[in-house]
Amino acid sequence: MSADFPLDELSTLFARARGMLPTGGTATQAVESLAHAAKDDIPGVLGVGITVTNQDGSQSSTGATDSIVRKLDDLQYSIGEGPCLTAVTTARTIRIDDITTEDRWPRWTEAASHFPVRSTLSVPLIHAGRTIGAMKAYSPDLRGLTQETESSLRRFVVPAAALLATAQIPEAPARLSADLRDALGRRDSIGMAKGILMERHGIGPEDALAKMLNTCREQRITLHQTAEDTITGTGNTGTEGIRGHHEF
């Protein structure tokens, strides 16, 4: 049985409306701060950056801590290959221990060999099962990015993915999904049914909800169906419903 409410979408919408979540430029600024924090926190890192998948499927950089990071990223985008792009398309962590001997992306590694970079690490940004980009780190040292480096970088990957995903959510109420509109309608029905039970039985909202949940268990139906039955007077929650609601 599917849930009555898409809680992730609802909580994100209401949190954003209250100014609790960043959007647009503020999300980008927060991600840039995360990239700089990662560079400062992880030993041996020359620079950190983030590749984001745009709405048209192309990739672009955000939060690059140094110009060399942006240049190395731009090479991947223009050539069409590289470790960060592979991390995005495969949703897998990609590590290069030595650019001079790496042969998976020959055109990119040949171009990158002219920069003071020897090893790289790219970790996909995954939010709600969807890959939206990758965070990468560059090191000037041979095998300079270890398993420990990956563990440290992942501490920044999770909040970066959440921030970027939040910024990509449509903001206009008119663009709410059909599921969300349906969920809001169901919530109204449940609230109305609770009100009917509270007035009929002189009970509080918690007791009214408990009565409805008990009906759900006994009849093996959803809470939404119980609410609808209560409103129409066809259910078994101890009320005559709206049809008898105003009959005294």
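Among the residues here, V52 qualifies as among the hydrophobic types (A, V, I, L, M, F, W, C), more than 15 Å from S119 (Cα to Cα) and touching a strand residue (DSSP E or B) at 6+ places or on another chain (Cβ under 6 Å).
Looking across region 75-85 at every residue that is surrounded by fewer than 20 Cβ atoms within 10 Å (Cβ to Cβ) and not aliphatic (A, V, I, L, M), the one that is farthest from G133 (Cα to Cα) is identified as S78. Among residues of region 138-163 that are farther than 19 Å from T28 by Cβ, those with a Cβ under 7 angstrom from a residue that is open to solvent by 40 Å² or more (accessible area, probe 1.4 Å) and part of a helix (DSSP H, G or I), sequence gap 6+ or separate chain, pair up as S152/D41.
Residue count for region 137-151 satisfying the condition of being more than 11 Å from L46 (Cα to Cα) and either touching a helix residue (DSSP H, G or I) at 6+ places or on another chain (Cβ under 6 Å) or small (G, A, S) (or both): 1.
Hey, among E218, E206, E247, which residue is at pLDDT below 65, farther than 30 Å from G49 by Cα and open to solvent by 70 Å² or more (accessible area, probe 1.4 Å)? Residue meeting the stated conditions: E247.
Residues in region 54-74 that are assigned to a helix (DSSP H, G or I) and buried (at least 20 other Cβ atoms within 10 Å of the Cβ): V69, L72, D73. Being in contact with a strand residue (DSSP E or B) (Cβ under 8 Å, 6 or more places away or on another chain) and farther than 20 Å from T146 by Cα is a property that T109 lacks. Only one entry of V117, V123 meets the criterion of being in a loop (DSSP other than H, G, I, E, B), touching a residue at least 12 places away in the same chain (Cβ under 8 Å), of a type in the set (A, V, I, L, M) and open to solvent by less than 40 Å² (accessible area, probe 1.4 Å), and that entry is V117. For K194, the criteria (1) open to solvent by less than 20 Å² (accessible area, probe 1.4 Å); (2) modelled with pLDDT of 85 or more hold in every case but one, which is (1). If I filter region 36-53 for residues that are acidic (D, E), modelled with pLDDT of 90 or more and open to solvent by less than 60 Å² (accessible area, probe 1.4 Å), do I get at least one hit? Within region 36-53, not a single residue is acidic (D, E), modelled with pLDDT of 90 or more and open to solvent by less than 60 Å² (accessible area, probe 1.4 Å). Would you say A112 is surrounded by fewer than 21 Cβ atoms within 10 Å (Cβ to Cβ) and of a type in the set (G, A, S)? So A112 fails the test.
Could you tell me whether V88 is crowded, with 18+ Cβ neighbours inside 10 Å, modelled with pLDDT of 90 or more, assigned to a strand (DSSP E or B) and not hydroxyl-bearing (S, T, Y)? Here the answer is no, as V88 does not meet what is asked.
The values are calculated or read from the model by the stated rules, or taken from the named source; none is laboratory data. Bear in mind that the values here come from a model prediction, so they are computed numbers and not experimental data. Positions of Cβ are backbone-derived with ideal geometry, glycine not excepted, and every protein chain shown enters the neighbour counts. When the accessible area is computed, the model is the full protein with side chains, heavy atoms only, and any ligands, DNA or RNA have been set aside. Shrake-Rupley method; radii C 1.70, N 1.55, O 1.52, S 1.80 Å.
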